[in-house]
Amino acid sequence: MTPRRPLVAGNWKMNGLLASLAEIAAMGGVYDAPLRARLELVVCPPATLIGMAVDIATQASIGLGGQDCHTAPAGAHTGDISAEMLKDIGAAYVIVGHSERRAGHGETDALVQEKAAAALRAGLTPIICVGETRAERDAGDALTVVGAQIAGSLPADAPGSIVVAYEPVWAIGTGLTPTVADVAQMHAFARERVEARLGGGKSASVRILYGGSVKPSNARDLLSVANVDGALVGGASLAAKDFMAIADAY
Ligand code: PEP
């Protein structure tokens, strides 16, 4: 089996103005040949910046991604962005099913699955997010919830190139993280559930990222857990210094 290439992806959420392009340039300055050999680096800025980040990111071998896409390729959907548009402007990835969209925009597993399929249709790699709430974990339901999200959010015919991000909702932006043992248990379970969904041994190549309060100080511990193939980083991806310190944990 070809080893899975670690992926460190930054989710800028609704942050970033033109001046923030300097952070991508600074990331490129640190993303040298030895680091490129160790891992893939992707930044998902707001859609307003993707087009303007393409030259800087391409020169630095940094990939770009969107943070959401519509299910349709085009049409009367005011304010939405299609996967085809993201591809056209230079993105290679798109995050779908982030918990902030599931909670804030009522996105269901079925919709997330349609969005992931739209991404694949457009030639983008979807980063499909799953993760339990604090109440679900406290009730002992974390595995059940994440298992159901994987079954419902991944297109059954998706290729092994898709990316899944396990992001416990209660760890996002809180400074809290699961124990290394809990991460190990969840990621092993998630890989088994991805295989149950996709079949054909595809889960061996699916990268499963951990996300939720990854920082330079905890990155090495979290990223060295079995079945963790990288990180989806929110707050700490806004500044090149922190993001590259996380990447350097590999
Ligand atoms: C995220 O929103 O995907 C995330 C992981 O955020 P943070 O790193 O800020 O917890």
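Remarks
- Prolate/oblate/rounded label for segment 68-111 (Cα gyration tensor, a/c 1.5): oblate
- Violating pairs (Cα-Cα greater than 26 angstrom) within the set 13/241; 87/241; 115/202: 87/241
- Given charges at Cβ of Lys, Arg, Asp, Glu: the chain dipole, positive-most of 37, 63, 52: 37
- Close amide H partners of residue 131, meaning residues 5 or more places away or on another chain with modelled amide H under 5 Å apart, are 167.
- Rg over Rh [alpha-carbon atoms, Kirkwood Rh] for the chain: 0.93
- The chain, relative contact order in percent, only Cα pairs under 8 angstrom and at least six apart counted: 21 percent
- Between residue 92 and residue 78, the modelled label-to-label distance comes to 3.7 nm, taking each label 7 Å out from Cα in the direction of the beta carbon.
- Under the Debye formula (equal points on every Cα, no solvent term), log10 I(q)/I(0) of segment 5-48 at q = 0.17, 0.21, 0.27 Å⁻¹: -0.52, -0.73, -1.00
- Spin-label zone in segment 148-176 - amide nitrogen under 17 Å from a point set 7 Å from the Cα of residue 182 along the C-beta vector: 166-176
- Cα-based convex hull volume of segment 126-249 per residue, rounded to whole Å³: 93 Å³
- A simple rule links phi to the HN-Hα coupling: the Karplus curve 6.51 cos²θ - 1.76 cosθ + 1.60 with θ = phi - 60°, which for segment 31-37 gives 7, 8, 4, x, 5, 4, 5 Hz, with x for Gly and Pro.
- Distant-in-sequence amide H partners of residue 233 (H built 1.01 Å from N, under 5 Å): 9, 10, 11
- Close amide H pairs (under 5 Å, H built 1.01 Å from N) link residue 209 with 164, 165, 166, 229, residues at least 5 positions away or on another chain.
- Rg/Rg_ref, segment 197-250, where Rg_ref = 2.2 N^0.38 Å and atoms are Cα: 1.27
- For segment 1-99, the Kirkwood estimate of hydrodynamic radius, built from reciprocal distances between every pair of different alpha carbons, is 14.2 Å.
- Extent of segment 52-143 along its three principal axes (Cα atoms, max minus min coordinate, largest first): 47, 35, 20 Å.
Bear in mind these aren't lab numbers, they're just calculated from the coordinates by the rules spelled out. Remember, predicted model here, so these are calculated numbers, not experimental data. All Cβ positions, glycine included, derive from the backbone under ideal geometry; neighbour counts span all protein chains shown.
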